[in-house]
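The values are calculated or read from the model by the stated rules, or taken from the named source; none is laboratory data. Just so it is clear, the structure is predicted and the values come from calculations on it, not from any experiment. Please note: Cβ atoms are built from the backbone with ideal geometry, for glycine as well, and neighbour counts cover all protein chains shown. What goes into the accessible areas is simple: the full protein's heavy atoms, side chains included, and nothing from ligands, DNA or RNA. Shrake-Rupley method; radii C 1.70, N 1.55, O 1.52, S 1.80 Å.
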Amino acid sequence: MSRDLSYNAVMARRGEIMKKALGIEYDEFIQSEIAFDYEGMMEKAGYSLDKVRQIQQQTGVGNTPLLELKNITRLVRKTSKKGYGASILVKDEAANPSGSFKDRRASVSVYHAKKLGYPGVLAATSGNYGAAVASQANMMNLGCIIVQEVFDSRHLGQPEIIEKSRKCEAYGAEVVQLTVGPELFYSALIMLEETGYFNASLYSPFGISGVETLGYELVEQVRARYGKDPAYIVVTHAGGGNVTGTARGALKAGAVNSNIIGASVDLSGLHMASDIDFNKKSFTTGHTGFGVPFATWPDRTDVPKNAARPLRYLDRYVTVTQGEVFYVTEALAHVEGLERGPAGNTSLAAAIPLARQLPEDEIVVVQETEYTGAGKHPQAQLDFARRNGVKVIRGEPKQNVPGKVIAIPENFSQLDITEMDLERMRRSYIRNAVTRNNVTEVTQEELGFLAEDAKASPAFVASVLEGLGVKV
Amino acid sequence: MSEACKQGEWVEIHYVVLKPEERSHDVPDDTKKVPLECWIKGWALSSGTTGGQIEIRTPANRIVKGTLTRVNPGYAHTFGPGVPELSSVGRELKAMLKEGN
Ligand SMILES: Cc1ncc(COP(=O)(O)O)c(C=O)c1O
């Protein structure tokens, strides 16, 4: 009995393979082509905050320190209007077992896989999540396969991704290293079928509920120390799980007035599935290449309904340049004594200009750091960029051109943000929801769902639908 | 230069997952021109030489066949050489902290 392993045959079996590999009956929550019961799914398929805390306590995940960046805050005040410059705090997520907040996400998936009796876990990810799953799998005595997109067609790999492969192998996981392309998913499906492993998807309710503790903890810590809530919580944004989980946790802690601000590195113009563009970028996550498409169409992943729905939670979405993040990475090491990895520093780069917009007595929280090391270090990245034809200069942030020029700011006051047009993204989400589902008419209930999912008013949704020629 | 492995040694293999004509229709043109390739590490099930076909047992206990590419593969990524555009950033910020108050 041999299975047909051709691309089309395997993709045609995807629903069936995924159902077995996740154990979630999504049908239970799906209400129509467009609408589904998001909160119901999070509640019934996921775990409660208390249970997640208990799971994470067992594996040493979470309860990370919240550090006040006193010198960076001083630099912010020196470059702000008088009386302005909020205190910047950072949640040191690098203190998690595998070195990033992704341990929170992995811990719940791996716990669930163990509980259901799966022999192992598989994750398709080139990011820190691989190491997190591998580390948690070891704690739970499960097998582990990590499928990564690593190389271009010259067999050249981003040093950061090579490091992420190494870290998974250091935990003894099987690492499947692929060249660029979305067919990574096809490879993952074949291996799920072959091994009967659990799909530790980044986008299941398990993963997202695992991040809720991050938002919850940081609000508790800020309140205990400062007697107030943070004005801004700045979150490095890519696939949307970080924003979604953090915001849900902060809301569960009652921090309804804290603004959730997503931050991504601007990589506009580079195509994520392009063999040529692949090694022209100096960031492998936390960039607009993921941030924009996942926010405007979350249901593009390996699960039928994505639990990461960032538009529901974003109050603002800002971008920074590659050069600014490298500059801020240096600042964190040199004036705060914290040598940390790239992704968390994206939200730190955004937090600096954001803190300038607030009075001194307000608080801005950068909700993560990640470990750094060979390959992840700015020197490794800038050297790789140069060898791939990217120019590295000192200059104003606006001189950055993704894939062509990286401009390291000349001074601290140049650090800035570019505001993304969230209204346009909400419109784009609504368009995707109707065109991808091929609908020409929506019900009032569906309109209500779209309004919730895009965090927009029903009137706004109705006007966008009208513009698209969709009847209500 | 070819390398030889003994049975049971930690090695890396390579194989083509999808030929260019088998790739998904939605990949960009430059990607569609090249195959989807794969590298996996595991323990050799027999002796072999680089460039030849071999089977391995992976850490997840799968048996996979491919072309032997490396024996006892290691890592060559580094912290990178010094970058002049970055080297003075720390000093500049420390000087700024000393100014005024
Ligand atoms: C350290 C770190 N920060 C932030 C992110 C972004 O998270 P998300 O993809 O959930 O938006 C990632 C994930 O790729 C990450 O590894």
Every residue in the stretch A:288-301 that is open to solvent by 20 Å² or more (accessible area, probe 1.4 Å), more than 14 Å from chain B (Cβ to nearest Cβ) and away from the ligand (no atom under 11 Å from the Cβ), please. A:V292, A:D299
Given (1) polar (S, T, N, Q); (2) farther than 23 Å from B:I63 by Cα; (3) open to solvent by less than 40 Å² (accessible area, probe 1.4 Å), B:T50 misses just (2)
Helices (runs of 4 or more DSSP H) wholly in the stretch A:1-100 with at least 2 residues that are among the small types (G, A, S) and open to solvent by less than 40 Å² (accessible area, probe 1.4 Å) - which ones? A:38-45
Of the residues A:S48, A:S87, only one is modelled with pLDDT of 95 or more and either in contact with a Leu (Cβ under 9 Å, 6 or more places away or on another chain) or aliphatic (A, V, I, L, M) (or both); which? A:S87
Inspect the stretch A:376-385 for any residue being open to solvent by less than 60 Å² (accessible area, probe 1.4 Å), of a type in the set (D, E, K, R) and over 21 Å from the mean Cα position of the chain (by Cα) and give the result as yes or no. yes
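Would you tally the residues in the stretch B:70-101 being among the acidic types (D, E) and part of a loop (DSSP other than H, G, I, E, B)?
1
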List every residue pair whose Cβ atoms lie under 6 Å apart, where the two residues are 6 or more positions apart in sequence or sit on different chains, the first residue falls within the stretch A:239-250 and is among the charged types (D, E, K, R), and the second residue, located anywhere, is open to solvent by less than 10 Å² (accessible area, probe 1.4 Å) and more than 9 Å from the ligand (Cβ to nearest atom). A:R248/A:E212
Sole residue being surrounded by 18 or more Cβ atoms within 10 Å (Cβ to Cβ) and closer than 30 Å to A:Q414 by Cβ, chosen from B:V89, B:V71: B:V89
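Got at least one residue in the stretch A:319-328 being among the hydrophobic types (A, V, I, L, M, F, W, C), within 14 Å of chain B (Cβ to nearest Cβ) and more than 15 Å from the ligand (Cβ to nearest atom)? Please lay out each step first, then the result.
Residues of the stretch A:319-328 that are among the hydrophobic types (A, V, I, L, M, F, W, C), as a first pass: A:320, A:325-326, A:328.
Filter once more, so that each one left must be within 14 Å of chain B (Cβ to nearest Cβ): A:325-326, A:328.
Cutting the leftovers down to more than 15 Å from the ligand (Cβ to nearest atom) gives us A:326.
Yes - at least one qualifying residue is present in the stretch A:319-328.
Name the single residue that is nearest to the ligand (Cβ to nearest atom) among those in the stretch A:333-353 being hydrophobic (A, V, I, L, M, F, W, C) and surrounded by fewer than 24 Cβ atoms within 10 Å (Cβ to Cβ). Step through it out loud before you land on a result.
Taking the stretch A:333-353 first, the residues hydrophobic (A, V, I, L, M, F, W, C) are A:333, A:335, A:338, A:343, A:348-352.
Checking the rest, the ones that are also surrounded by fewer than 24 Cβ atoms within 10 Å (Cβ to Cβ) come to A:333, A:335, A:338.
On the way: A:A333: 17, A:V335: 22, A:L338: 14 Å.
My answer is A:L338.
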Residues that are within 15 Å of the ligand (Cβ to nearest atom), at least 2 per element: which helices (runs of 4 or more DSSP H) completely within the stretch A:151-238 meet that? A:159-170, A:205-226
May I ask you to verify whether A:K102 is within 16 Å of the ligand (Cβ to nearest atom) and of a type in the set (K, R)? yes
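From A:V76, A:V90, A:V121, A:V133, which residue is within 16 Å of the ligand (Cβ to nearest atom), within 14 Å of another protein chain (Cβ to nearest Cβ) and of a type outside the set (S, T, Y)? Steps first, answer last, please.
Working: A:V76 fails: within 16 Å of the ligand (Cβ to nearest atom); A:V90 fails: within 14 Å of another protein chain (Cβ to nearest Cβ); A:V121 fails: within 16 Å of the ligand (Cβ to nearest atom).
The conditions single out A:V133.
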Unmet requirement for A:A407, which otherwise passes all of (1) in a loop (DSSP other than H, G, I, E, B); (2) among the small types (G, A, S); (3) crowded, with 18+ Cβ neighbours inside 10 Å: (1)
When you look at A:A343, is it within 16 Å of the chain's Cα centre (by Cα), among the aliphatic types (A, V, I, L, M) and modelled with pLDDT under 95, yes or no? yes
Of all residues being among the β-branched types (V, I, T) and part of a loop (DSSP other than H, G, I, E, B) in the stretch B:1-40, which is modelled with the lowest pLDDT? Just the residue, please. B:V27
Restricting attention to the stretch A:242-287, and to residues there that are of a type outside the set (G, A, S) and part of a strand (DSSP E or B), which single residue is farthest from the ligand (Cβ to nearest atom)? A:N259
Kindly evaluate A:E149 against the criterion of being among the charged types (D, E, K, R), facing chain B (nearest Cβ under 9 Å) and over 22 Å from A:Q57 (Cα atoms). no
So A:G448, is it in a loop (DSSP other than H, G, I, E, B) and either at pLDDT 95 or above or more than 14 Å from chain B (Cβ to nearest Cβ) (or both): no
Taking the stretch A:261-281 and keeping only residues that are more than 14 Å from every other protein chain (Cβ to nearest Cβ) and open to solvent by less than 10 Å² (accessible area, probe 1.4 Å), one is left with A:I261, A:G262, A:A263, A:S264, A:V265, A:L267
Do you know which residues across the stretch A:354-375 are surrounded by fewer than 21 Cβ atoms within 10 Å (Cβ to Cβ) and either without any contact (Cβ under 8 Å) to a residue 12 or more places away in the chain or more than 14 Å from chain B (Cβ to nearest Cβ) (or both)? A:R356, A:Q357, A:L358, A:P359, A:D361, A:E362
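Take A:A113 and decide whether it is hydrophobic (A, V, I, L, M, F, W, C) and part of a helix (DSSP H, G or I). Talk me through it step by step, then tell me what you get.
Details: hydrophobic (A, V, I, L, M, F, W, C): yes; part of a helix (DSSP H, G or I): yes.
Answer is yes for this residue.
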